[in-house]
Amino acid sequence: QVQLVESGGGLVQAGASLRLSCVSSRRTFSNNGVGWFRQAPGKERDFVAGISWNGGSVLYANSTEGRFTISRDRNTVYLQMNSLKPEDTAVYYCASFRGPYASRTMGPQYWGQGTQVTVST
């Protein structure tokens, strides 16, 4: 069953912005940490950003270089991506964790099916 649903991906030029959204049908979604991950063809799935249950704590991968911002309200988690680069091209996945905080090392409990982000030169 689909636990999370991502949206907002697309094809853009370098330097453009996109805002990804993640929603869940689970009532406990607002109690869990949530993360964004991405996977480019032939590469590992990497952590991008994470946010705690109440939005009070955030984590970012170094590769975001200050260009990305994660945020949330009760039902939706967002990833604002600015100054996009071709290297950002990947399928972006939303995932919820078992506890109230996102983690770089612990695996999430539930995954979405991904949304494609393509950045052209």
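The values are calculated or read from the model by the stated rules, or taken from the named source; none is laboratory data. Being a predicted model, the structure only gives us computed values, none of them experimental. Cβ: placed from backbone, ideal geometry, glycine included. Neighbour counts: every protein chain shown. Side chains are part of the model used for accessible areas, which takes the heavy atoms of the whole protein and leaves out ligands, DNA and RNA. Shrake-Rupley method; radii C 1.70, N 1.55, O 1.52, S 1.80 Å.
Please give the number of the condition Ser120 fails out of (1) at pLDDT 95 or above; (2) within 23 Å of Gln3 (Cβ to Cβ).
The failed condition is (2).
Name every residue in segment 40-68 that is aliphatic (A, V, I, L, M) and part of a strand (DSSP E or B), in order of residue number.
Correct list: Val48, Ala49, Ile51, Val58, Leu59.
Give me a count of the residues in segment 77-92 that are under 15 Å from the mean Cα position of the chain (by Cα) and either without any contact (Cβ under 8 Å) to a residue 60 or more places away in the chain or surrounded by 18 or more Cβ atoms within 10 Å (Cβ to Cβ) (or both).
Looking only at that region, the number is 10.
Looking at the structure I just gave you, is Phe68 open to solvent by less than 20 Å² (accessible area, probe 1.4 Å) and within 19 Å of Gln13 (Cα to Cα)?
yes
For residues that are part of a strand (DSSP E or B) and within 22 Å of Met106 (Cβ to Cβ), scanning just segment 1-13, find the one that is farthest from the chain's Cα centre (by Cα).
The residue in question is Leu4.
Within segment 14-37, take every residue that is open to solvent by less than 50 Å² (accessible area, probe 1.4 Å) and assigned to a loop (DSSP other than H, G, I, E, B) and give me the one that is nearest to Arg67 (Cα to Cα).
Top of the filtered list is Ala16.
If Met106 meets every condition in (1) surrounded by fewer than 22 Cβ atoms within 10 Å (Cβ to Cβ); (2) at pLDDT 95 or above apart from one, which number is that one?
Going through the list (1) surrounded by fewer than 22 Cβ atoms within 10 Å (Cβ to Cβ); (2) at pLDDT 95 or above, Met106 breaks only (2).
Looking at the structure I just gave you, is Arg74 among the basic types (Lys, Arg), closer than 18 Å to Gln3 by Cβ and either more than 14 Å from the chain's Cα centre (by Cα) or open to solvent by less than 50 Å² (accessible area, probe 1.4 Å) (or both)?
yes
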